[in-house]
1. Along the charge dipole of chain B, pointing to its positive end and built from +1/-1 on Cβ of Lys, Arg, Asp and Glu, which listed residue (B:MET464, B:GLN489, B:LEU94) has its Cα farthest out?
2. Which pairs break 31 Å Cα to Cα here: A:LYS129/A:LYS455; A:LYS201/B:LYS166; A:LYS68/A:LYS421?
3. If you wrap a convex hull around the Cα atoms of the range B:17-365, how much volume per residue is inside, in Å³?
4. Which ³J(HN,Hα) values, rounded to whole Hz and listed in residue order, are derived for the range A:280-294 from phi using the Karplus coefficients 6.51, -1.76 and 1.60 in 6.51 cos²θ - 1.76 cosθ + 1.60 with θ = phi - 60°, glycine and proline given as x?
5. Multiply the residue gap between B:ASN463 and B:LYS415 by 0.36 nm, knock off their C-alpha separation, and tell me the result in nm, one decimal place.
6. How long are the three semi-axes of the equivalent ellipsoid for the protein assembly as shown, computed from the Cα gyration tensor as the root of 5 times each eigenvalue, in whole Å, largest first?
7. Taking the DSSP beta bridges in chain B as the whole, what percent of them are antiparallel, to the nearest 5?
8. Whole-Hz Karplus ³J(HN,Hα) for the range B:472-483, in order, using 6.51 cos²θ - 1.76 cosθ + 1.60 and θ = phi - 60°, x for Gly and Pro?
Amino acid sequence: MKAGPLAIADQQPELSARSTFWPWQRILIASIFLAFLAGVLWAPSRVTTARVFVTLSTIFYLAFTLYKVLLMSLSTNHKSLISPTPEEIAAVKDLDLPVYSVLVPMYHEAESVPHLVAALARMDYPADKMDIQLLLEEDDNATRKAVANLALPKNCRATVVPDSQPKTKPKACNIGMDNAQGKYLVIYDAEDRPEPDQLKKAVIGFSKSDPSVICLQSKLNFYNPRQNILTRWFTAEYSAWFDLSLPGLARLNAVIPLGGTSNHFITEKLRELMGWDPFNVTEDCDLGVRVYRKGYCTRMLATTTWEEACSSPKYWFRQRTRWLKGYMQTFLVHTRNPFKLAQELGTRNVIHFHMLIAGVIVCFLINPFYWMLALLWFLLRNNELKILFPGPVFAMGALCLFAGNFVFAYASGLGCFWRKKYDLVKYGLLAPVYWIMMSYSAWRALFQLFSDPHKWEKTKHGLFKSEDDQP
Amino acid sequence: MSAPEQFIPDAKPRINRWLILGLTILFCTAGISQLASISDEAITREAICLRLLGNNTEGRQALISSAWWAPLPTLLRLPIVCASGDRWPGLSSLVVSSIMGALLIGLIELALHSWNMKFQRHLLVAGLGANPLFIEQCLNGSSNTTILFFSAMVAYCFSIWIARRKLRALVLFAIAAGLLLITSFETASWLILVILLLVIDQCRRKSSDNETEAVLTLGLLPIVYSGLLWILMNWLIMGDPFYFLRSFATTSSASGNVMLEQCRVTGPYVVFCIIPLLLVIFSAIARDGNGLTFGIMAFAPILCGLLFSHKGMLWPSSGLLHINLVLGILSLGYLLCVSSVATKIKRARHILAIIPLLLSLLTYLMPSPTLADRPAAVTGWLDDLKMHVKTQHDERKANFIKIYVCGYDSFRLLKGLEDPMLLHSLDLDFSKAVTDYPGHQLYILVSEPIGRKAMDSIHWKHNMLFEQGEDVLLYDSDWHGWRLFEIIQTEKPKPNYSQ
């Protein structure tokens with residue numbers, strides 16, 4: 001039965017970002033903002049308000065840093081990945097393999113089509129058991145023409161997504177899911193280059209896992225890390241996230257915010273979840289949370305999909321803004337009924353949810369404030385700043401400033417080392433510059449959340465032309 | 001050296017949390033009854049914590065202004081002092097030293113276990129656990145257990161890194177080394193040697209330039225960062241980035257034959273110096289690069305200790321001697337299980353493994369090898385001193401008397417006292433003191449420059465002050481190892497308006 005592209009929004013509106021804020025959320029946010037504003041503007045309470053703010057954010061920083069250290073420690077120490085061995089892969093018989101659906105949503109990506117078809121042709125999976133759908137938007141004539149001009153293999157078909165609102169990737173994916181014929185389903189972006197044995201690994205991974213595992217997330221990394229400084233930082237960030245954080249989360253059986261591509265699902269279970277929320281601009285992260293809310297879980301698969309890192313600052317800001325706005329949407333959607341969330345996720349996972357989703361947002365939003373404060377202190381040695389930091393808060397703040405920032409920068413370098421991209425280690429250590437860009441994007445995302453919550457700022461791909469810099 | 005790579009069995013034991021918890025409780029319980037005899041260092045550090053929590057300048061100065069009072073042991077006590085306040089003096093130090101002592105035993109056990117040492121490892125662990133020096137340090141709130149823990153961590157992770165090239169080991173090595181530097185600056189000399197070994201080890205491998213650069217970046221960054229942070233803090237708080245290192249210009253105050261003194265202190269622990277040496281010799285003969293590197297690293301503290309002894313500084317060499325106790329045990333484990341001679345001495349393993357335990361038991365029969373007997377604390381003399389100063393002046397002037405108590409010992413001396421007449425001073429400038437308190441009678445109280453106290457800024461700024469005074473100081477009186485001087489204030493020349 002076809003659920004339709006807007007199923008989740010229509011049937012479970014409380015789990016969709018169609019409406020960004022619920023009334024009580026609006027009231028609460030406005031109240032907090034007004035209370036803060038009043039506290040700051042009314043002279044007698046100014047210091048107390050500032051102290052409360054500083055104390056709470058310092059505690060948060062400390063907790064967030066320790067959380068990051070814990071994840072890194074678990075990621076490097078334990079076998080948290082599902083890693084089928086070469087022998088296991090070789091032992092799989094083609095006849096036993098199920099049909100695998102591959103969805104590739106595309107929009108204004110005509111130049112990626114030949115690369116994509118070549119990459120999919122390299123997959124080590126029986127061609128007759130691959131059900132590939134290129135999801136093309138009705139108004140994207142260029143891509144449709146490029147696909148039409150190419151002799152597509154038999155297992156590959158183009159599915160046209162009707163031109164309607166919202167015009168988002170998750171909507172296209174939902175249409176693809178409705179038409180999928182495979183037992184399993186995976187999403188790839190047009191510019192992706194998955195490792196050839198990834199589908200077989202996923203099949204083995206599902207067969208070895210507990211029935212509650214309905215999703216396997218592959219690691220993501222980039223094939224153009226050395227294109228410019230931005231792609232170097234991006235690679236360091238992805239390496240730290242996919243190699244040194246997500247395996248730790250999997251180990252803890254914590255909520256895993258899915259990456260935008262290379263998520264392998266059991267199709268039937270994905271349909272049960274009603275697919276992706278077409279109104280959420282990070283539909284992957286939202287789906288990752290819903291997987292756990294339904295009592296299922298996600299595991300990490302030891303395989304990598306190589307993507308193109310955004311090399312243009314302009315498009316990078318737009319992409320990052322969308323991601324962070326999506327995180328905000330996801331947080332708002334899932335906290336609409338906090339008690340139900342706690343009931344479905346359990347206390348431990350609620351903490352993970354807040355650390356992973358709210359933590360990231362808060363961190364990037366308040367960072368600029370603390371950088372300015374630190375700069376003022378260093379340059380002016382202003383003793384008046386001391387009143388904001390009572391003794392214990394000062395100690396915690398200093399720890400976060402000097403140890404916390406170091407941990408995050410060091411983690412970026414470690415990620416590169418872990419990926420054996422040794423020459424990038426030193427760039428990973430320059431991550432603080434990258435964080436400034438992230439904070440700018442976070443504030444941009446916050447403004448956009450109020451002004452244009454469903455705006456999908458498309459990332460421009462195909463900026464990397466060289467084939468030499470392959471993994 | 002074309003060394004055959006030694007295989008360290010990839011056993012993956014886990015740290016025994018229950019052992020650590022049990023030992024922590026045991027040490028704390030045993031130490032709680034002896035809180036009155038907590039070490040001077042512990043009391044000083046707790047007093048600094050209280051100042052820090054009070055957001056006072058002298059607290060921040062005390063945290064970073066001396067290489068001989070490294071900041072981390074103070075910071076580790078901070079959360080407990082924050083929770084307990086001044087109600088249980090010595091408690092935070094006891095808790096920290098107990099936890100670190102328990103962690104150390106847990107780490108040694110883990111290291112020996114990961115080297116596939118069977119039940120003999122319990123003998124080695126017992127050798128450390130029964131050692132009177134170690135027990136004393138766990139119970140008296142000393143920072144030495146912290147130093148020992150980080151040193152053992154550096155050594156163990158280094159051994160794993162050179163044998164198995166595990167990134168996790170490199171990271172833990174680097175972090176432990178960075179933390180060790182800000183726990184005990186005395187160990188910097190040893191750390192330099194270890195870093196040198198890391199570089200040599202990296203260079204003898206045929207890895208790419210990029211990999212070498214990455215290894216050294218990640219391996220050295222925490223140490224460099226710790227050092228730079230200390231420098232930055234000195235610049236921000238003291239106004240001089242290298243303030244904490246200035247004491248190195250001071251000459252030693254130790255007297256007598258330091259080498260003999262060292263031997264007296266070393267006592268039976270000299271065996272622990274021999275074990276790494278044996279490891280070095282055997283590994284060199286067997287052309288075992290990893291064993292040789294580990295042996296040199298474990299032997300290095302002795303060399304550094306001798307260097308300090310040669311400079312006449314006995315307390316850092318004593319600290320390094322304690323490190324040697326731990327590294328000696330680790331070296332013995334390495335020698336018996338991992339090194340190239342391990343298979344040849346398989347039968348003698350039990351006998352050799354019992355050596356540390358026997359030595360520890362032997363130590364109980366010997367006089368306590370401490371550097372200096374701690375004089376019985378004399379209390380109440382500060383009131384006498386104040387009275388003495390007041391009686392020298394008109395009663396009405398009593399509110400206009402200030403006594404600067406100099407050096408780190410001032411924190412111990414003035415702990416819990418809130419007396420406007422007595423002021424802490426870590427960075428005293430006589431002329432500034434006069435400007436700060438115009439019209440006051442000003443005094444300074446200086447401790448005798450013995451051991452670590454000789455490194456206080458008042459002594460390196462005014463060398464021989466205690467013995468010979470200064471131009472602007474007038475000797476007043478002696479007080480239980482302290483000396484009181486009055487600051488002579490010359491009258492400002494009156495402006496001559498006729499010119």
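Every number here is computed from the coordinates shown, using simple stated rules; none is lab data. If you're wondering where the values come from, they're calculated on a predicted model, not measured in any experiment. Quick reminder, even Gly has a Cβ in these numbers, built from the backbone with ideal geometry, and neighbours come from all protein chains shown.
1. So the residue furthest toward the plus end is B:LEU94.
2. Working: A:LYS129/A:LYS455 37 Å; A:LYS201/B:LYS166 26 Å; A:LYS68/A:LYS421 22 Å.
Pairs exceeding 31 Å: A:LYS129/A:LYS455.
3. It comes to 144 Å³ per residue, whole-number rounded.
4. Residue by residue, the range A:280-294 yields 9, 7, 10, 4, 5, 4, 4, 5, x, 6, 5, 4, 6, 5, 7 Hz.
5. Numbers: separation 48, 0.36 × 48 = 17.28 nm, distance 2.69 nm.
14.6 nm is the gain from fully extending B:ASN463 to B:LYS415.
6. On the way: eigenvalues 702, 278, 109 Å².
They are 59, 37, 23 Å, listed largest first.
7. Numbers: 11 of 20 bridges.
In chain B, DSSP labels about 55 percent of beta bridges as antiparallel.
8. 9, 10, 10, 4, 10, 6, 10, 9, 6, x, 10, 10
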